[in-house]
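Below is one structure; the comments refer to it alone.
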Amino acid sequence: MTIHVIGAGVAGLAAALALAEAGRPVVLHEAAPNAGGRCRALPDGTDNGTHALLGANTAALGLLRRIGALEGWVEPEPDGLQVLDLRDGRAFRVALSPFGWRDPALRPPGLSGGALLALARLALPGRDRAVGPAMAAHPEFHRGFVDPLVIAALNTPSEEASANRLGAVLRRLGGRGATRLLVARDGLGPDLVAPALAALERAGATLRFGARLRRLVTQGGRVVALDFGEEAVPLGPGDAVVLATPPWESQRLLPHLETPTGYAPIVNLHYARRGAGPVRFIGMLEALCQWVLVRPTGVSVTVSAGDAAAREDQAVLGPRAWAELRRAALAFGLPGDWPEAPPPCRVVKERRATPRHSPGPPLRPPRLPLANLALAGDWTDPVLPATIEASVRSGEAAAGVLLR
Ligand SMILES: Cc1cc2nc3c(=O)[nH]c(=O)nc-3n(C[C@H](O)[C@H](O)[C@H](O)COP(=O)(O)OP(=O)(O)OC[C@H]3O[C@@H](n4cnc5c(N)ncnc54)[C@H](O)[C@@H]3O)c2cc1C
């Protein structure tokens, strides 16, 4: 009863681990030379893009714990996020949790009773609509808190972002420690992908890289063989498949599948600026840079829902983002040198980083579209936006249906 997991992104890694730990023989097939998918280390060790987790991401943190990698995820700003507003140069600190707003020093700009009520309304399930118009009566609170949150969590501009998807995120932020923000101290390679692969090997799974599934051979509603081009793997009667490929690839392999129609890019800039000091995470308003991650190994900038940035040239993006983040570094007194001239920079444009989360009923792809094939992937979660958390949940759910 071998289970073939297709795709070694977070969803495939989570599925393969759940199955291997349950004692099933698992073969993990990955098209690329490395694992991680959209959450990976590039060959030089740089992350493709900054990935942050929240304390509310219990499935993701559970996976990190199981693979022995939780300690690598650190909380850079335990006392509240530092934010620089480039509109007026104001530097302030903000708590991510509404409970933290009891302290006036940690309140987001524009907070009022009405704004809080509007946020609470967004958290309630109901008729879906776009977040931007729903917050129109509270423009400052929207600009300074809701909009950055929407862009970070949904990778969709708030004018077109689904209030219901945001609500699903907000409802999970109420618990103790739920708004703790965590990032990988040394990077996605050492703090996620490598420990996951090591855990899979310990659990006896077989890993195959450079193995792109060309075609699913089906008969009578079951997968009977996996076509990898030069090689076909026949499936026995008890064998099964977890398809954990990105949505466009899942649809190519299973053409009847309904998949998202629009995607949003995330652009990351990675500066070769080394320096001692703790990991820091800074927010920026009215800037190209939305988040700045400072690690001893380099400085990274995130531009989510970055349609315009994805069209822009590196020669323009690099100096502009550096000038912005340098202002933030100086405003918050970050240690080390912050020269005017930008250090060498690498731009990574992930053009289909996640689906766009627009208002409307979420897709509900079947978990088991074929008798012996379960579907996984960030886009298959009917409630949460496409994130690491959704990926882990989907992988574990796919493993669960096959184990049952
Ligand atoms: C730049 C960036 C920043 C992000 N930031 C965050 C963040 O801060 N927090 C957060 O929670 N989420 C974030 N995300 C989203 C998160 O990375 C994704 O939701 C998650 O990685 C998706 O995982 P997945 O396993 O569903 O899909 P994928 O990562 O796409 O994995 C699919 C895998 O299948 C492989 N594959 C494809 N076709 C085949 C085939 N035919 N045969 C075999 N293998 C195949 C691919 O190579 C890939 O490895 C970010 C995404 C990006 C791109």
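The values are calculated or read from the model by the stated rules, or taken from the named source; none is laboratory data. Values in this document were obtained by computation on a predicted structure and should not be read as measured data. Backbone-built Cβ (ideal geometry, glycine too); neighbour counts: all protein chains shown.
Summary table
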read-out: Any hit, the range 392-400, residues being surrounded by fewer than 19 Cβ atoms within 10 Å (Cβ to Cβ), more than 16 Å from the ligand (Cβ to nearest atom) and free of Cβ contacts under 8 Å to residues at least 12 places away in the same chain; value: no
read-out: Residue check for PRO344: surrounded by fewer than 18 Cβ atoms within 10 Å (Cβ to Cβ), more than 14 Å from the ligand (Cβ to nearest atom), under 28 Å from VAL26 (Cβ atoms) and of a type outside the set (S, T, N, Q); value: no
read-out: Given (1) more than 13 Å from the ligand (Cβ to nearest atom); (2) farther than 19 Å from LEU243 by Cβ; (3) within 20 Å of the chain's Cα centre (by Cα), index of the condition THR387 fails; value: (1)
read-out: Qualifying residue in the range 157-177 (condition: β-branched (Val, Ile, Thr) and either modelled with pLDDT under 95 or surrounded by 20 or more Cβ atoms within 10 Å (Cβ to Cβ) (or both)); value: yes
read-out: Wholly enclosed helices (runs of 4 or more DSSP H) of the range 123-179 bearing at least 1 residues over 22 Å from the mean Cα position of the chain (by Cα); value: 131-134
read-out: Single residue of ALA374, ALA328 found to be away from the ligand (no atom under 16 Å from the Cβ), modelled with pLDDT of 95 or more and not in a loop (DSSP other than H, G, I, E, B); value: ALA328
read-out: Index of the failed condition, GLU340 passing every other in (1) under 29 Å from VAL10 (Cα atoms); (2) of a type in the set (D, E, K, R); (3) assigned to a loop (DSSP other than H, G, I, E, B); value: (1)
read-out: Yes/no for VAL392 being modelled with pLDDT under 95 and touching a helix residue (DSSP H, G or I) at 6+ places or on another chain (Cβ under 6 Å); value: no
read-out: Qualifying residue in the range 355-374 (condition: in contact with a Pro (Cβ under 8 Å, 6 or more places away or on another chain), hydrophobic (A, V, I, L, M, F, W, C) and more than 30 Å from LEU253 (Cβ to Cβ)); value: no
read-out: Sole residue being touching a residue at least 60 places away in the same chain (Cβ under 8 Å), in a strand (DSSP E or B), within 16 Å of the ligand (Cβ to nearest atom) and in contact with a Phe, Trp or Tyr (Cβ under 6 Å, 6 or more places away or on another chain), chosen from LEU207, LEU182, LEU216, LEU226; value: LEU182
read-out: Residue within the range 306-316 that is closer than 20 Å to GLU77 by Cβ and surrounded by 20 or more Cβ atoms within 10 Å (Cβ to Cβ) present; value: no
read-out: Verdict on ASP147 being closer than 25 Å to ASP378 by Cβ, free of Cβ contacts under 8 Å to residues at least 24 places away in the same chain, away from the ligand (no atom under 16 Å from the Cβ) and outside the structural domain of GLN290 (by TED's automatic domain parsing); value: yes
read-out: Of residues in the range 26-55 being closer than 29 Å to GLY236 by Cα and surrounded by fewer than 22 Cβ atoms within 10 Å (Cβ to Cβ), the one farthest from the ligand (Cβ to nearest atom); value: VAL27
read-out: Selected residue [over 29 Å from PRO339 (Cα atoms) and touching a helix residue (DSSP H, G or I) at 6+ places or on another chain (Cβ under 9 Å)] from TYR271, TYR263; value: TYR263
read-out: The lone exception for GLU140 - which of (1) crowded, with 18+ Cβ neighbours inside 10 Å; (2) at pLDDT 95 or above it fails; value: (1)
read-out: Subset of the range 234-252 (residues that are within 32 Å of the chain's Cα centre (by Cα) and surrounded by fewer than 19 Cβ atoms within 10 Å (Cβ to Cβ)); value: TRP248, GLU249, GLN251, ARG252
